[in-house]
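Structure first, then comments.
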Amino acid sequence: MNEEEFSQKVFGICRFVQIAPKTVLMDLTVRLPPPANVGLNPLRSAFSVYVSSTGNLVDPPATTGKPFVSLGQIVPDKDGYGDLFQEIPGELWEWIGRGCVVQAEGQGVGKIFAGVVARSAGAWGNDKTVCACSGRTMWEEGRDMESRL
């Protein structure tokens, strides 16, 4: 993203859990800016999701390197939300320190969102991101709050 588009906003969260040898469960939720706001064609707003070769986020995707593991593709809805929940072949310990990249497909390399895969509290151990009253994620609760405005 260029300097005018840069912000400290969180655009999503991706959780990985090793559920079996050589099987990782991925739960990804993103809320991307409307395609037109970041110079994307709204009719071609598919995004590739992958774990990159490195975790260097200085100038992605050049510094994150090529995909190490492909995680799939998302197409955000009209509000910018996209979800992906699936099992991925792999060993989670190999992904720690690499980038998790969400990149616009076929629209140049400049439109990209990335973070570093890091260790966490453990499987479902981060209770700060779940609403205690409903058991839903912060993203699900946020969508409901927005619809009430």
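Go through (1) surrounded by fewer than 18 Cβ atoms within 10 Å (Cβ to Cβ); (2) assigned to a loop (DSSP other than H, G, I, E, B); (3) not basic (Lys, Arg) for Ser48 and report which single condition fails.
In the conditions (1) surrounded by fewer than 18 Cβ atoms within 10 Å (Cβ to Cβ); (2) assigned to a loop (DSSP other than H, G, I, E, B); (3) not basic (Lys, Arg), Ser48 misses (2) alone.
Is it the case that Leu40 is under 17 Å from Gln103 (Cβ atoms), at pLDDT below 90 and either open to solvent by less than 20 Å² (accessible area, probe 1.4 Å) or aromatic (Phe, Trp, Tyr) (or both)?
So Leu40 fits the description; yes.
Residues of the stretch 51-81 being open to solvent by less than 40 Å² (accessible area, probe 1.4 Å) and small (Gly, Ala, Ser), which ones?
Residues satisfying the conditions are Ser52, Gly55, Gly65, Gly72, Gly80.
Restricting to the stretch 60-97, and then to whatever is free of Cβ contacts under 8 Å to residues at least 60 places away in the same chain and of a type in the set (D, E, K, R), can you tell me which residue is nearest to Ile112 (Cα to Cα)?
Lys66
Please work out if Phe47 is touching a strand residue (DSSP E or B) at 6+ places or on another chain (Cβ under 7 Å) and at pLDDT below 90.
Taking the combined requirement at face value, the residue satisfies it.
Kindly evaluate Ile13 against the criterion of being modelled with pLDDT of 90 or more, under 17 Å from Val101 (Cα atoms) and either part of a strand (DSSP E or B) or of a type in the set (Val, Ile, Thr) (or both).
no
Which of (1) modelled with pLDDT of 80 or more; (2) touching a Leu at 6+ places or on another chain (Cβ under 8 Å); (3) open to solvent by less than 70 Å² (accessible area, probe 1.4 Å) does Gly90 not meet, given it meets every other one?
(2)
Among the residues of the stretch 101-116, is there at least one that is open to solvent by less than 50 Å² (accessible area, probe 1.4 Å), modelled with pLDDT of 85 or more and part of a helix (DSSP H, G or I)?
No: the stretch 101-116 contains no residue that is open to solvent by less than 50 Å² (accessible area, probe 1.4 Å), modelled with pLDDT of 85 or more and part of a helix (DSSP H, G or I).
The values are calculated or read from the model by the stated rules, or taken from the named source; none is laboratory data. Computed from a predicted structure; not experimentally measured. Using ideal geometry, Cβ is built from the backbone for each residue, glycine included, and neighbour counts are taken over all protein chains shown. Remember, those area values only see protein heavy atoms, side chains included, never the ligands or the DNA or RNA. Shrake-Rupley method; radii C 1.70, N 1.55, O 1.52, S 1.80 Å.
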